[in-house]
1. Of the listed pairs LYS63/LYS119; LYS69/LYS89; LYS39/LYS114; LYS63/LYS114, which have alpha-carbon separations greater than 22 Å here?
2. Using a 1.4 Å probe, what is the accessible area per residue for the chain, in Å²?
3. Which FRET efficiency, nearest 0.05, do HIS77 and LYS53 yield, Cβ-Cβ r, R0 30 Å?
4. Using a Förster distance of 25 Å, how high is the FRET efficiency between ASP70 and LEU98, based on the Cβ-Cβ distance and rounded to 0.05?
5. Using a 10 angstrom cutoff on alpha carbons, build the Gaussian network for the chain and name the most mobile of ILE62, ILE106, ILE75.
6. If I compute solvent accessible area with a 1.4 Å probe over the protein chains, what percent of it on the chain is carbon and sulfur?
7. For the chain, set up a GNM with springs between Cα atoms under 10 Å and report which of THR73, THR101, THR83 has the largest fluctuation.
8. For the chain, set up a Gaussian network in which alpha carbons nearer than 10 Å are linked by springs, and say which option among LYS30, LYS53, LYS119 fluctuates the most.
Amino acid sequence: MKIVKINQLENTDREVHGEGFTSFRALLAKDGMGFSLHKTVIPIGGPYHWHYKNHLEACYCIKGSGIIKDLATGIEHLITRDTIYVLDKHDDHTFEALEDTVLISIFNPPVTGKEVHDKEGNYVLNDKIN
């Protein structure tokens, strides 16, 4: 059994900052669950471009609102509290936070915690788990 308190991840290597987000990574690949689990905080602003070519992602909005846009189709969806969106086809997308937004994000395969977004908004797959 593992107990993780998100506030205890602050100012550790599991608090990751990127353009348009702060991610608190509660579970990583090294935790052995087969997925990673993050609390993702997106301040008002954007749109931010992300495109996970090597990962599937599901996000549950627990606070705030934003617009996710599928760049392949141009279709936009309003994301509000208690809405889940699933990027199950490595969807190229943008997210614009209409207010400060908090998501619970799940990645498969799990991230290692060392990833950074490349110029296309992608996490390069890292086979080395630290």
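The values are calculated or read from the model by the stated rules, or taken from the named source; none is laboratory data. Keep in mind that this is a model prediction, so the values were computed, not measured. Every residue, glycine as well, gets a Cβ built from its backbone with ideal geometry; the counts of neighbours run over all protein chains shown. With ligands, DNA and RNA removed, areas are computed over all heavy atoms of the protein, side chains included. Shrake-Rupley method; radii C 1.70, N 1.55, O 1.52, S 1.80 Å.
1. Details: LYS63/LYS119 28 Å; LYS69/LYS89 14 Å; LYS39/LYS114 16 Å; LYS63/LYS114 26 Å.
Violating the 22 Å limit, Cα to Cα: LYS63/LYS119; LYS63/LYS114.
2. On the way: 7390 Å² over 130 residues.
So the chain comes to 57 Å² accessible per residue, rounded to a whole number.
3. On the way: r = 21 Å, r/R0 = 0.69.
The formula returns an efficiency of 0.90 here.
4. Values: r = 17 Å, r/R0 = 0.70.
So, using R0 = 25 Å, E works out to roughly 0.90.
5. Of the options given, ILE75 has the highest mean-square fluctuation.
6. On the way: 3930 of 7390 Å².
Roughly 53 percent, rounded to a whole number.
7. Residue with maximal mean-square fluctuation among THR73, THR101, THR83: THR73.
8. The residue that fluctuates most here is LYS119.
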